[in-house]
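The values are calculated or read from the model by the stated rules, or taken from the named source; none is laboratory data. The structure displayed is predicted, hence computed values, not measured ones. Ideal geometry is used to build each Cβ from the backbone, glycine not excepted, and the neighbour counts take in all protein chains shown. Remember, those area values only see protein heavy atoms, side chains included, never the ligands or the DNA or RNA. Shrake-Rupley method; radii C 1.70, N 1.55, O 1.52, S 1.80 Å.
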There are 2 protein chains.
Amino acid sequence: MAADASESRDPIRFETHPRQYRHWRLEIGAGDPSVARLTMDVDPSYPLRPGYELKLNSYDLAVDIELRDAVERLRFEHPEVRAVIVTADLDRVFCSGANIYMLGASGHSFKVNFCKFTNETRMAIEEASAASGLRFLAACKGTTAGGGYELALACDEIALVDDGSSAVSLPETPLLGVLPGTGGLTRLVDKRKVRRDRADVFCTMAEGVKGKRALEWRLVDRLLPKSRFDEGVRERAVALAGQVADVPRGPAVALAPLEPTYESDRIRYRHVALELDRAARTAVLTVAAPESPPPTTAAKMAAEGADLWALRAFRELRDALWQLRFNELDIGTVLLRTRGNPAHVVAADRALADAAGESGFCREVLLLQGRTLRALDATARSFFAVVDAESCAAGCLLEVALAADRVYMLDDEAGAVAVHLSPANGGALSTATGKSRLALRWLADPDRVAAVLARGAEGPIPTAEADAMGIATIVADEIDFDDELRIAVEERASLSPDALTGMEASLRFPGAESMDTKILGRLSAWQNWIFIRPNATGERGALTLYGKPERPAFRWTRT
Amino acid sequence: MAADASESRDPIRFETHPRQYRHWRLEIGAGDPSVARLTMDVDPSYPLRPGYELKLNSYDLAVDIELRDAVERLRFEHPEVRAVIVTADLDRVFCSGANIYMLGASGHSFKVNFCKFTNETRMAIEEASAASGLRFLAACKGTTAGGGYELALACDEIALVDDGSSAVSLPETPLLGVLPGTGGLTRLVDKRKVRRDRADVFCTMAEGVKGKRALEWRLVDRLLPKSRFDEGVRERAVALAGQVADVPRGPAVALAPLEPTYESDRIRYRHVALELDRAARTAVLTVAAPESPPPTTAAKMAAEGADLWALRAFRELRDALWQLRFNELDIGTVLLRTRGNPAHVVAADRALADAAGESGFCREVLLLQGRTLRALDATARSFFAVVDAESCAAGCLLEVALAADRVYMLDDEAGAVAVHLSPANGGALSTATGKSRLALRWLADPDRVAAVLARGAEGPIPTAEADAMGIATIVADEIDFDDELRIAVEERASLSPDALTGMEASLRFPGAESMDTKILGRLSAWQNWIFIRPNATGERGALTLYGKPERPAFRWTRT
């Protein structure tokens, strides 16, 4: 692909606010105090990058950044909301999916990371349904195509207008020669349990399926005539809200902007710093512990609001990961460092764990930490965690280290270097497989997990013991540590980035799979391949020629 | 890649016999009557294609065709064997993996299908261990690298010589910029439960891991000094044989060659025919039922030996699939047809199911049918099954239809077209997920499976009822059927082969995953991508430059 526009422009920023939305409208209290309406109304003239128009409610990253923001604000800022109607304002179109011209003009890395971001937004919708007492109803009052239908698939229920023409479809394969990029195939057969042979027919029909057949094939959950559509949707949203009325929500906390400081080779947040060495293609990502003892009651935590360390530090960490994914494509190896007082982190974790059952806000903070760590698991960079004399490998920050591909731990003479366990290591921040990071470390001997947790409850675990417990990957003394680490980073940075991406994705999710790991692992791999094949993105590839009069010319060889 | 040698030569043939082996030696009764020795002794001068030498016990498809044959003959022809020592005859080398020059000279499709074939050989080793009362001991008396170590990983146990230099390794990522292609990553963390951080270190160390560390990291199961190696291996093999002494084996049945007739656009076997329309890029694969009532006792089935329909028809079907995979790369769409008397198939299935518990031979026939059907599931072509007036959609042949992406069923006026269930549809021939093909069809309503099986026990299920039961995908009457099918095939054949491959792989394995689906689905996808990237196979890619003085030049962008 000649034009690689998306990989060499101004950096992308991820913070927004409903007041700044250009593509979505968030209404609280839509016909009922417990119902919100999230309306897609994409402004064609405000794409992320110049060069294409976002017609027919098609989306790009700018649109999804707003959707992601809206879903998170619903969880934190609007505890009165129990059901969300996801709908559109266009005549006869719900959403026509990812913008094809944007994809055609984007480089490979951007395409893959765009899909990963949109997948994570949809997984956050599903997590909010499973854990946050929010139900999502896709109200499809018109054509629901490709990524538009995949957005609907991420909702709890799909209502389709029965107007004789509106269809749901995944036309990527027949029209574009690529796969649905946002989990559509997996959600069809795994989540909605559409029969695989019907899914095959559906995914090769550019025009999609409408009406009774869509219902019979489990592609949608209800059909509503046009005349009763809005009313039927509202009724159903109220009913969905009732299903989750007993999940604790709130108190409301406004998500203040992070406003990091951007320097040429550094991004500084309050608790997080990302330092870039672009020549070496490496970075250091540091997370600092709270500077003072954290609040320990639900009320006091909520009073700190967006300034609560446990919330802010992980929002910052996630933003830094997005910066790496989208703005620093050549940074292949990242050192994960921590610093500060482990006791403060352990205290913060304990307080959150104790309060998460009663306080919706505290539960949301924990869930956000978990999403952030899963984003780390799914980021295609090599991560080496460092635990040395300055580190704070405690609780939720120890999870950061356990998410890394390796943990380098200093064996200091004083015996002061240690890891500190907290309730956060027991599974509250589990991986996408459903298992905790400690459990994934001990698939060979599951009983060890409980023993490690019990030992952690007694106090800090110094290096030698952490090594014996399988937490440290490489241990070195003060004479060798820096050299060992430096050489490992240099070696890592010299390897093929493609092979590392495939290797890391294959090793990070051992054991049982979930829908999320299937989407992030397998689907991403297929996409990676298909996006790069001439049949999709070559001069006469289907994606390249979309919307042009020429027909694509395929090389027919099957693999 | 300019040279695409492997995709335009003489067709590859898959039949062989120990007397013809050039690369392996199969010895029965190796120190003990219950122990066989399978010795890799690759003749460098007999590669599959001219152009490279198979030095240092490196392998190509020719080598793996022999290994596959040997493992299957051990199951059918040598019931006295309970343990197999897999070893090598070279000084200081067990096996150095897939031949890199072969990979470098091979086209993309060949590479992917080569890996799929070798994966299936290793899965057959694991299946023989799980179900056939055979244990495999990898006796690694020297360097065990890449595919060599992956072969060892497929065995039940790995013994490594403790000579201060022999190591096990997966050097693909650091040396070649690709992934281990035969399930190594998945088997490391899923089967052997090696800690993921240690697996990360191991997979980036070109020199591998030896001695005590290999044992401590669970990379091998025992270390033996050189002086005691052969003796220790023999002792251990005898002990392994003892573990499975109570699994029924035999009677021995010699696997006679299939000897199909090759015509320009057709391959004819006794019960199977593969008819090719290369201009349309389509094929018809037909399997015929037994021509007369099949034998119904274990003794009579064994007396028919390799001529037993249930065995021969599925060996033929599998050979036809290999022909498609390796010799007919542009055939994208395959119609699966059956013909003959359904009663004979149902009788054959019943007889096998009844006898499989007592007769090792009958169990092996069932297992071979299952492997064949899983090979169909894993073949990257679009399969449409046809059930019309000539068809025999019964039992194990109905499984062929259920493995297809779609089932086209004729709704005839006479009501004679029907499907016929047998014990083979109840799970004996399950998919790689562990679930039966009927169960995968009814993930949404698992209770339906038992109801369908119960109804099937009562007699044939005509089209309308099969449609209502979810067995048929598309039903059409006699006026429309041929047109419907013709148009569907033409449409399918017009779509991007890459997108279809990814789509089919994503839809064929809904629900829970197994190690096999992870290897075939996810790993294959990663390989597909990595093999095609310039970082591996470009002019200055790592795979291209292997063995040359130049260093690879990587484009560093991460995805």
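Things worth noting here:
- Pair list, Cβ < 7 Å and 6+ apart or interchain, from region B:508-521 residues that are farther than 16 Å from B:R371 by Cα to residues that are part of a loop (DSSP other than H, G, I, E, B) and polar (S, T, N, Q): B:G511/B:T433; B:A512/B:T433; B:E513/B:T433
- Residues that are modelled with pLDDT under 95 and closer than 22 Å to B:E150 by Cβ, drawn from region B:1-47: B:S6
- The condition of being at the interface with chain A (Cβ under 9 Å from one of its Cβ atoms) and in a helix (DSSP H, G or I) holds for only one of B:E484, B:E491, that being B:E491.
- Residue check: A:A128 meets all listed conditions (1) closer than 25 Å to A:Y546 by Cβ; (2) open to solvent by less than 20 Å² (accessible area, probe 1.4 Å); (3) of a type in the set (A, V, I, L, M, F, W, C); (4) out of contact with any Cys (no Cβ under 6 Å at 6 or more places or on another chain) but one, namely (1).
- Every pair of residues 6+ apart whose Cβ atoms lie under 6 Å, when the first sits in region B:219-234 and is assigned to a helix (DSSP H, G or I) while the second is of a type outside the set (A, V, I, L, M, F, W, C): B:K226/B:D163; B:F229/B:K141; B:R234/B:G31
- Only one entry of A:A310, A:A353 meets the criterion of being more than 14 Å from chain B (Cβ to nearest Cβ) and either in a loop (DSSP other than H, G, I, E, B) or buried (at least 23 other Cβ atoms within 10 Å of the Cβ) (or both), and that entry is A:A310.
- Every pair of residues 6+ apart whose Cβ atoms lie under 8 Å, when the first sits in region B:20-48 and is over 20 Å from B:M102 (Cβ atoms) while the second is basic (K, R) and part of a helix (DSSP H, G or I): B:L26/B:R73; B:A30/B:R234; B:G31/B:R234; B:D32/B:R234; B:V35/B:R234
- Test: residue in region B:509-519 that is more than 30 Å from A:M515 (Cβ to Cβ), more than 8 Å from every other protein chain (Cβ to nearest Cβ) and surrounded by fewer than 19 Cβ atoms within 10 Å (Cβ to Cβ): no
- Restricting A:V346, A:V334 to residues that are part of a helix (DSSP H, G or I) and at pLDDT 95 or above narrows the list to A:V346.
- Cβ-Cβ contacts under 9 Å between residues 6 or more apart (or on different chains), taken from a first residue in region B:462-487 that is at positive phi to a second residue that is in a loop (DSSP other than H, G, I, E, B), are listed as B:G470/A:R195; B:G470/B:W442; B:G470/B:D445.
- A:L397 meets the conditions (1) among the hydrophobic types (A, V, I, L, M, F, W, C); (2) crowded, with 21+ Cβ neighbours inside 10 Å; (3) within 11 Å of chain B (Cβ to nearest Cβ) in every case but one. The failed one is (3).
- Pairs where the first residue, in region A:96-118, is more than 14 Å from every other protein chain (Cβ to nearest Cβ) and under 15 Å from A:L321 (Cα atoms) and the second is of a type in the set (F, W, Y) and buried (at least 24 other Cβ atoms within 10 Å of the Cβ), C-beta under 9 Å, 6+ apart: A:T118/A:Y59
- Checking each residue of region B:81-95 against the condition of being farther than 26 Å from B:T372 by Cα, in contact with a helix residue (DSSP H, G or I) (Cβ under 7 Å, 6 or more places away or on another chain), open to solvent by less than 10 Å² (accessible area, probe 1.4 Å) and of a type in the set (F, W, Y) gives at least one match.
- Per-region count, region B:239-255, residues buried (at least 17 other Cβ atoms within 10 Å of the Cβ) and of a type in the set (A, V, I, L, M): 5
- Which listed residue, of A:R455, A:R558, is among the charged types (D, E, K, R), more than 27 Å from the chain's Cα centre (by Cα) and assigned to a loop (DSSP other than H, G, I, E, B): A:R558
- Test: B:V161 is out of contact with any Asp or Glu (no Cβ under 6 Å at 6 or more places or on another chain), closer than 30 Å to A:F384 by Cα and open to solvent by less than 10 Å² (accessible area, probe 1.4 Å): no
- Screening the candidates A:R222, A:R198, A:R213 for the property of being surrounded by fewer than 17 Cβ atoms within 10 Å (Cβ to Cβ), within 14 Å of another protein chain (Cβ to nearest Cβ), more than 27 Å from the chain's Cα centre (by Cα) and over 30 Å from A:K548 (Cβ atoms) yields one hit, A:R213.
- The one condition from (1) touching a helix residue (DSSP H, G or I) at 6+ places or on another chain (Cβ under 6 Å); (2) among the small types (G, A, S); (3) surrounded by fewer than 14 Cβ atoms within 10 Å (Cβ to Cβ) that B:A289 does not meet is (3).
- Against the test of being in contact with a helix residue (DSSP H, G or I) (Cβ under 8 Å, 6 or more places away or on another chain), within 13 Å of another protein chain (Cβ to nearest Cβ) and hydrophobic (A, V, I, L, M, F, W, C), the options A:L429, A:L421, A:L443 yield a single qualifying residue, A:L443.
- Yes/no for A:T372 being of a type in the set (S, T, N, Q) and part of a helix (DSSP H, G or I): yes
- Residues of region B:263-279 that turn out to be open to solvent by 90 Å² or more (accessible area, probe 1.4 Å) and either closer than 27 Å to B:E490 by Cα or in a strand (DSSP E or B) (or both), as a count: 4
- Restricting B:G177, B:G211 to residues that are more than 22 Å from B:I519 (Cβ to Cβ), touching a residue at least 40 places away in the same chain (Cβ under 8 Å) and touching a Leu at 6+ places or on another chain (Cβ under 7 Å) narrows the list to B:G211.
- Filter pass, A:G208 being within 30 Å of A:N528 (Cα to Cα), more than 14 Å from chain B (Cβ to nearest Cβ) and over 19 Å from the mean Cα position of the chain (by Cα): yes
- Of all the listed residues (A:L151, A:L179), the sole one being buried (at least 24 other Cβ atoms within 10 Å of the Cβ), part of a loop (DSSP other than H, G, I, E, B) and either touching a Ser or Thr at 6+ places or on another chain (Cβ under 8 Å) or away from chain B (no Cβ under 13 Å) (or both) is A:L179.
- From the list A:E539, A:E465, the one residue that fits, being in a loop (DSSP other than H, G, I, E, B), open to solvent by 40 Å² or more (accessible area, probe 1.4 Å) and either more than 12 Å from every other protein chain (Cβ to nearest Cβ) or of a type in the set (K, R) (or both), is A:E539.
- Conditions (1) over 28 Å from A:L276 (Cβ atoms); (2) open to solvent by less than 30 Å² (accessible area, probe 1.4 Å); (3) without any contact (Cβ under 8 Å) to a residue 60 or more places away in the chain; (4) not basic (K, R); number of the one not met by A:L376: (1)
- Residues (within 17 Å of A:A505 (Cα to Cα) and open to solvent by 20 Å² or more (accessible area, probe 1.4 Å)) located in region A:434-451: A:G434, A:K435
- Within region B:468-482, the set of residues being open to solvent by 80 Å² or more (accessible area, probe 1.4 Å) and acidic (D, E) comprises B:E478, B:D482.
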